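Everything below concerns the one structure shown next.
Since every read-out is calculated from the coordinates, none of them should be taken as a lab result. Just so it is clear, the model here is predicted, and its values are computed rather than measured. In this analysis, Cβ positions are derived from the backbone assuming ideal geometry, glycine residues included, and neighbour counts consider all displayed protein chains.
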Amino acid sequence: MQPITRYIKDELKRHSDAIKAPQMQAYMKTEQPFYGVQSKLRKQIFRDAIKEYPITSHEEWEKVILELWNGTHREEMYQALEIAERYKKYHDESAWALFETLLRSASNWDTVDWLSSNLIGRLVEEYRHFEKQLWEWSDDENFWVRRASLLAHLKHKDKTNIKLLSQTILKLAHEKEFFIRKAIGWVLRQYSYTDPNWVLQFVERHDEKLSGLSKREALKAMNRKKKSGG
């Protein structure tokens, strides 16, 4: 085990909270236990860890991420994602295999969404040939992977591949899975900050295909702006 991994694990255990832990676990509806370490303290542990044990190679970066990701408690997975996101100098094409491995072993929206928008999405923006993988993911049997095929577009703003996003949405629009319908609405709402007219026209054009949830989420920002007189 890498020294930084041991440090993080020891600190999470030291700051564990027997009252908050089951509450956090219940909120996430997961069988995986929590230490009960909330975000602010967890991020401080992370900052202290990388200051004390800076990661100096791509190989070490991957090892630490996987050691934490495969830990027993949820906060260890969060720390793995903090490490993954922090060291952007290692976000080259070879990082795709690691990020996909993490995605395929993720089991809830908290880790899936973080991976999709902050890690995978940024890699796709830099290396556009990975869009082919996103399209393949939209057929995946794992609905979390299908969700990622949508949310990887979330932060692309004016660099969004509209054609691919549209095709992916329409391909998945028939699904009844809540997390897919929610993701469709979320990614459309996010893009509405960049091009509201396109989103409005898309929703109107595909009114019968999109679920009520997807449409409500897609138009939420624009409707809020209307109500406020903006």
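Some notes on this structure:
- With the convex hull constructed from alpha-carbon coordinates only, the range 85-141 shows a mean projected area of 3.9 nm² over all directions.
- Length-normalised contact order of the chain in % [C-alpha pairs under 8 Å, at least 6 apart]: 12 percent
- Partner lysines whose Cα lies under 26 Å from the Cα of Lys227, excluding those fewer than 8 positions away in the same chain, are identified as Lys155, Lys157, Lys182, Lys215.
- Sites listed here are trypsin sites (Lys or Arg not before Pro) in the range 166-230 whose DSSP assignment is loop and whose Cβ has at most 10 other Cβ atoms within 10 Å: Lys176.
- Using bins of 10 Å that start at zero, the share of Cα-Cα pairs per bin across the range 1-91 amounts to 17, 52, 25, 6, in whole %.
- Base-10 log of normalised Debye intensity for the chain (one unit scatterer per alpha-carbon) at q = 0.17 Å⁻¹: -1.19
- Chymotrypsin sites (Phe, Trp or Tyr not before Pro) within the range 140-203: DSSP coil, no more than 14 neighbouring Cβ in 10 Å: Tyr193
- Among the trypsin sites (Lys or Arg not before Pro) in the range 6-54, those located in a DSSP loop and surrounded by at most 13 other Cβ atoms within 10 Å of their own Cβ are Lys29.
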